[in-house]
Amino acid sequence: MTQKDSATKKSNKRQRRTRLAVSHEELIPGTRLVASLKGKTYEALVIAGGAGRPEIEFGGKRYTSLSAAGSAAAGYAVNGWKFWQRAEEPEAE
């Protein structure tokens with residue numbers, strides 16, 4: 001493998017790691033989140049938490065992180081930034 005191939009491979013790994021389904025900017029109160037896992041769809045809502053930090057409301061409980069809410073939905077540890085996606089807004093008529 002040449003140095004160029006090695007550099008390209010490292011660059012591709014870095015790009016994959018930084019790709020997020022939900023960005024920090026999208027965590028504003030009122031944002032609806034969805035996730036699909038094993039044929040089941042989960043919905044959550046971003047709400048204002050203490051000290052102005054966003055929290056995730058899922059299943060009637062509040063979570064301080066996307067990962068905690070995603071783990072509650074999945075039943076095992078997940079990367080919440082990759083698990084959740086912003087819900088599509090219905091088109092206005």
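No value in this document is a laboratory result; all are computed from the given coordinates. Predicted model only: the values in this text are computed from it and were never measured. Neighbour counts run over all protein chains shown; Cβ positions are idealised from the backbone, glycine included.
Take TRP81 and GLU26, extend 7 Å from each Cα along the Cα→Cβ direction, and tell me the distance between the two endpoints in nm.
Simple spin-label model gives 1.3 nm for this pair.
How much length is gained if the chain between LYS61 and LEU37 is pulled fully straight, taking 0.36 nm per residue apart and subtracting their Cα-Cα distance, in nm to one decimal?
In short, 6.7 nm is gained.
Can you list the HN-Hα couplings for the stretch 76-83, worked out from phi with the Karplus curve (6.51, -1.76, 1.60; θ = phi - 60°), rounded to whole Hz and with x for Gly and Pro?
Working through the residues one at a time gives 7, 4, 9, 7, x, 5, 9, 5 Hz.
Work out from phi, with θ = phi - 60° and the Karplus expression 6.51 cos²θ - 1.76 cosθ + 1.60, the ³J(HN,Hα) of each residue of the stretch 53-59, listed in order in whole Hz, and give x for Gly and Pro.
Listing the rounded values in order: 8, x, 10, 10, 9, 9, x Hz.
Name the shape class, rounded, prolate or oblate, that the alpha-carbon gyration tensor gives for the stretch 21-86, where a ≥ b ≥ c are the square roots of its eigenvalues, rounded holds for a/c under 1.5, and otherwise prolate holds if a/b is larger than b/c and oblate otherwise.
It is prolate, given that a/c is not under 1.5 and a/b is the larger ratio.
In whole Hz and in residue order, list the ³J(HN,Hα) couplings for the stretch 40-48 that follow from phi through the Karplus curve 6.51 cos²θ - 1.76 cosθ + 1.60, θ = phi - 60°; x for Gly and Pro.
10, 10, 10, 10, 9, 9, 7, 10, 6
Using modelled backbone amide H atoms (1.01 Å from N, in-plane), which distant-in-sequence or interchain residues come within less than 5 Å of GLY49's amide H?
Sorted by chain and number, the residues that satisfy this are GLU55.
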